[in-house]
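The block underneath contains the structure these notes are about, expressed in structure tokens.
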Amino acid sequence: MMLRRGIIVFLPRLAGLLVVACCSVSIVYMLACTPRGDGQQLSLPRARGPTTKEGYEAILQEQEEQHRNYIISLKKQIAQLKAELQGRNEQLKSMQERYPDPVDIWLDHSNPEKAQANLLAFLRSQIDRAEVHSGVKLSTEYAVVPFDSFTLQKVYQLETGLTRHPEEKPVRKDKRDELVEVIELAVGSLNHPEGASNAKQRVYTASDFVEGIYRTEKDKGTLYELTFKGDAKHQFRKVVLFRPFGPVMKVKNENVHMADTLINVIVPLAKRASKFRQFMQNFREMGIQQDGRIHLTVVYFGKEQMNEVKSILENTSRSANFKNFTFIQLNEEFSRGKGLDVGARVWKGHNVVLFFCDVDIYFTAEFLNSCRLNTQPGKKVFYPVLFSQYNPSIIYGNHDSIPLLEQQLVIKKETGFWRDFGFGMTCQYRSDFINIGGFDLDIKGWGGEDVHLYRKYLHSNLIVVRTPVRGLFHLWHEKRCPGELSPEQYKMCVQSKAMNEASHGQLGMLVFRREIESHLRRQKLSGKKT
């Protein structure tokens with residue numbers, strides 16, 4: 001298998017060698033056969049050489065013979081190179097026939113036994129490619145693939161995910177089943193060692209498991225190293241397992257036509273006219289001017305600032321010649337879930353993509369295409385993870401002025417965070433939203449309705465696409481948590497408020513600001529004394 005892998009790796013080098021050989025033949029031929037210029041005339045005979053006609057003829061004949069021999073030599077070299085080139089071409093063709101594209105090998109159903117053998121050989125080769133038996137030289141500390149550790153009850157992880165817990169019981173079923181399977185395989189390996197004698201041996205169980213570490217190289221597989229109690233106090237048994245990843249297999253190759261796919265952006269709103277004006281600037285540039293396949297539905301609660309909001313909407317309609325909007329007014333207490341639900345159900349046209357949005361969201365035209373591409377009626381709904389902006393007055397506190405909004409929207413750890421605990425911004429076809437039952441309209445005020453809908457989709461047979469997107473931003477705004485919220489809602493609101501202000505390091509600078517200023521004063525006084 002290693003020989004075969006070496007041959008496959010050698011193929012592109014061989015092709016490059018053939019190209020170089022062809023170029024060399026061409027250059028040699030041109031140099032040898034190009035007529036000499038005026039500055040390269042035949043040298044005259046030496047002063048003491050023959051000066052008669054016969055003497056010159058003898059010299060010319062000698063030089064002609066030399067040139068003839070040189071040309072014959074070049075022709076032989078060219079013939080040899082051509083023969084070698086032909087041989088290499090045949091060798092390359094033979095190798096290509098023998099080792100076709102890997103995807104073709106694995107998907108070749110005409111010879112299932114060969115395909116199975118090739119696949120098994122590939123999986124075994126993954127062990128050689130991964131860092132199992134020896135290390136790999138890395139260019140920087142950021143290239144290290146770290147291990148996570150685990151016991152029978154807990155997993156200790158660097159990438160904490162949505163739970164934010166560095167130590168937890170495995171919540172995801174796939175991770176829990178993975179580790180249980182690995183421990184069971186390791187116990188089986190200890191109880192049935194290769195080449196074991198018939199002598200009575202110790203029976204291992206999961207209770208003998210001490211700890212394990214594992215890491216995943218995304219293109220190779222997952223390495224597990226498990227430690228069990230040995231027969232003596234300071235003796236242990238170690239089992240190393242490897243779950244190889246198979247070759248990439250083609251599943252689908254299709255054209256996706258989105259020219260006529262309309263998105264209905266639904267925004268529930270109460271007051272906040274100044275924020276709505278900012279939202280409409282973004283909507284006009286990205287939605288109307290750049291995308292053009294968009295509808296806006298505003299569901300407004302109450303009457304305060306309603307005329308100002310309607311005026312902003314109508315001005316945008318006139319200046320941008322935009323007629324694809326709907327304004328709905330409800331005389332009741334604000335409820336985000338109710339507003340989105342009403343906006344979705346009032347639509348009477350064909351099946352449309354719904355984008356549930358808020359007034360403090362900034363999106364790009366690229367995001368609108370992502371919204372279309374990741375939704376499919378009856379099959380997929382899209383739950384993007386947006387990038388949430390920190391408080392600009394804290395981020396840019398040391399600057400002379402706060403940059404323009406577009407310049408603030410940079411995805412860095414100093415400027416914001418992935419809002420992976422939020423499920424409010426989502427794209428789905430209207431038919432899927434109606435079939436799933438819509439929002440729970442008993443939920444009032446802030447929060448909760450989005451998680452409830454998200455869980456409905458998780459409990460269905462639809463594919464939920466959850467991924468960070470680069471073109472969707474939550475703009476910072478001061479968050480207030482009303483006292484009338486339920487205890488659970490209030491807790492969620494305060495947690496969101498805390499994470500929304502600044503990074504851990506930036507908040508630390510604020511907490512220790514007096515200590516930092518005191519240190520600077522001491523340094524300044526020390527400098528004056530010296």
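Within region 230-252, work out how many residues are open to solvent by 100 Å² or more (accessible area, probe 1.4 Å) and part of a strand (DSSP E or B).
Adding up the residues that qualify gives 2.
With the structure loaded, tell me whether Ile434 is within 13 Å of Leu475 (Cβ to Cβ) and among the β-branched types (Val, Ile, Thr) or whether it fails that test.
Answer is no for this residue.
Name the residue, out of Leu520, Leu485, Leu472, that is of a type in the set (A, V, I, L, M), outside the structural domain of Lys275 (by the TED database) and outside any loop (DSSP other than H, G, I, E, B).
Sole residue among the options that is of a type in the set (A, V, I, L, M), outside the structural domain of Lys275 (by the TED database) and outside any loop (DSSP other than H, G, I, E, B): Leu520.
Can you tell which of Val385, Val342, Val451, Val359 is open to solvent by less than 40 Å² (accessible area, probe 1.4 Å), assigned to a strand (DSSP E or B) and β-branched (Val, Ile, Thr)?
Answer to the selection: Val385.
Determine whether Lys271 is in a loop (DSSP other than H, G, I, E, B), touching a Gly at 6+ places or on another chain (Cβ under 9 Å) and without any contact (Cβ under 8 Å) to a residue 60 or more places away in the chain.
When the stated conditions are applied, Lys271 passes them.
Could you grab me the full set of residues in region 194-215 that are touching a helix residue (DSSP H, G or I) at 6+ places or on another chain (Cβ under 7 Å) and either modelled with pLDDT under 80 or assigned to a strand (DSSP E or B) (or both)?
Residue satisfying the conditions is Phe209 alone.
Have a look at Val171, Val155, Val182 and point out the one that is open to solvent by 80 Å² or more (accessible area, probe 1.4 Å) and β-branched (Val, Ile, Thr).
One residue alone meets the criteria, Val171.
Considering only residues that are under 25 Å from the mean Cα position of the chain (by Cα), without any contact (Cβ under 8 Å) to a residue 12 or more places away in the chain and closer than 30 Å to Ala206 by Cα, which ones fall in region 222-268?
None - no residue of region 222-268 is under 25 Å from the mean Cα position of the chain (by Cα), without any contact (Cβ under 8 Å) to a residue 12 or more places away in the chain and closer than 30 Å to Ala206 by Cα, so the list stays empty.
The values are calculated or read from the model by the stated rules, or taken from the named source; none is laboratory data. What you are looking at is a predicted structure, and each value in this text was computed from that prediction instead of being measured. Positions of Cβ are backbone-derived with ideal geometry, glycine not excepted, and every protein chain shown enters the neighbour counts. Heads up: the accessible areas ignore ligands, DNA and RNA and are worked out on the full protein's heavy atoms, side chains in. Shrake-Rupley method; radii C 1.70, N 1.55, O 1.52, S 1.80 Å.
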